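The values are calculated or read from the model by the stated rules, or taken from the named source; none is laboratory data. All values reported here derive from a predicted model rather than from experimental measurement. Neighbour counts run over all protein chains shown; Cβ positions are idealised from the backbone, glycine included. SASA here: full protein model, heavy atoms, side chains in, ligands and nucleic acids out. Shrake-Rupley method; radii C 1.70, N 1.55, O 1.52, S 1.80 Å.
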Amino acid sequence: MSEEMRYLTFALGKGRLANQTLELLEEIGITCEEIKDKSSRKLIFVNEELKLKFFLAKGPDVPTYVEYGAADIGVVGKDTLLEEGRRAYEVLDLGFGKCKMCVCGPESARELLQHHEMIRVASKYPKIAKDYFYNKKHQTVDIIKLNGSVELGPIVGLSDVIVDIVETGSTLKANGLQVLEEICPLSARMIVNQVSMRMESERIRKLISDIKERLA
Ligand code: PRP
């Protein structure tokens, strides 16, 4: 490694996606031992040999770090990319974290989606919800932003339907709700800062091709 080689920094969304990303990186020879210590409260980790840094951020902040160049590379769900609308190159679908963005609710709400009625939609993803109802369905709706446990919306009478992620469907089932419409498929994506892509193109291209080969 040359003296002047700079660090490439990865921003990973805390949680399951970060763990799966680290497993994938390990398979292509990129390891970071200290990040595996789950008891640690440390947020940033370094691999001196490969000149790599990793930090763990809240998912929705990952595209922000990448847009501003505080991270060269990020791994985050497509849902977050759509919602945050940040500037970055989306270079790879990593194939894990597969799920769907859906409109969900009780069966009785299905007809509310047929006649352009003014309904209430609760979601952690107000932008995705708005885009779907306004631009795709041409239905004017009242969007209510929630921060989690969105399935409560129709149950407690806050909203008619929700726009949320469905993976196994077990949360819906346990709460008597159904998928009423599918909006789009989701999975983990790798994103790259636009300047980094030019300045560090050799290292980043190699990384992308190693991952592609591994995924194939
Ligand atoms: C997500 C999502 C659903 C659930 C879907 O919530 O918002 O509630 O997972 O998964 P399933 O179809 O396999 O049941 P998460 O666990 O991230 O927590 P949150 O409700 O606090 O957002």
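Count, please, the residues in the stretch 59-105 that happen to be acidic (Asp, Glu) and under 22 Å from ILE44 (Cα atoms). Break it down stepwise before answering.
Step one: list which residues in the stretch 59-105 are acidic (Asp, Glu), which gives 61, 67, 72, 79, 83-84, 90, 93.
From what's left, under 22 Å from ILE44 (Cα atoms): 61, 67, 72.
Within the stretch 59-105, residues that are acidic (Asp, Glu) and under 22 Å from ILE44 (Cα atoms) number 3.
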Scanning the stretch 28-42 for residues that are in a helix (DSSP H, G or I) and either modelled with pLDDT of 95 or more or not acidic (Asp, Glu) (or both) gives ILE35, LYS36
Hey, GLU83 out of contact with any Leu (no Cβ under 9 Å at 6 or more places or on another chain), more than 21 Å from ILE208 (Cβ to Cβ) and crowded, with 18+ Cβ neighbours inside 10 Å or not: yes
ILE44 meets each of (1) over 30 Å from LEU180 (Cα atoms); (2) crowded, with 22+ Cβ neighbours inside 10 Å with one exception, condition (2)
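Identify the residue in the stretch 135-150 that is in contact with a helix residue (DSSP H, G or I) (Cβ under 6 Å, 6 or more places away or on another chain) and not in a strand (DSSP E or B) and, among all such residues, is nearest to the ligand (Cβ to nearest atom).
For the stretch 135-150, the residue satisfying everything is VAL141.
From the list GLY169, GLY153, which residue is within 13 Å of the ligand (Cβ to nearest atom) and in contact (Cβ under 8 Å) with a residue 24 or more places away in the chain?
GLY153
For the stretch 88-106, name all the residues that are in a strand (DSSP E or B), within 16 Å of the ligand (Cβ to nearest atom) and open to solvent by 70 Å² or more (accessible area, probe 1.4 Å). First the steps, then the outcome.
At the first step, the residues of the stretch 88-106 found to be in a strand (DSSP E or B) are 89-93, 99-105.
Next, only the ones that are within 16 Å of the ligand (Cβ to nearest atom) stay: 99-105.
Hit for the stretch 88-106 is LYS100, nothing else.
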The residue that is farthest from the ligand (Cβ to nearest atom), considering only those in the stretch 182-216 that are among the small types (Gly, Ala, Ser) and under 17 Å from LEU24 (Cβ atoms), is SER209
* To do: Considering every residue within the stretch 107-119, establish whether at least one is free of Cβ contacts under 8 Å to residues at least 24 places away in the same chain and either of a type in the set (Ser, Thr, Tyr) or open to solvent by less than 30 Å² (accessible area, probe 1.4 Å) (or both).
  => yes
Against the condition open to solvent by less than 20 Å² (accessible area, probe 1.4 Å), in the same structural domain as GLY105 (by TED's automatic domain parsing), outside any helix (DSSP H, G or I) and within 14 Å of the ligand (Cβ to nearest atom), how does VAL179 come out, does it pass?
no
In the set PHE96, PHE45, PHE10, the lone residue that is among the aromatic types (Phe, Trp, Tyr) and modelled with pLDDT under 95 is PHE45
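Run down VAL192, VAL161 and say which single residue is surrounded by 16 or more Cβ atoms within 10 Å (Cβ to Cβ), at pLDDT 95 or above and not assigned by TED's automatic domain parsing to the domain that holds VAL103. Give the steps one after another, and end with the answer.
Working: VAL161 fails: not assigned by TED's automatic domain parsing to the domain that holds VAL103.
Exactly one residue qualifies, and that residue is VAL192.
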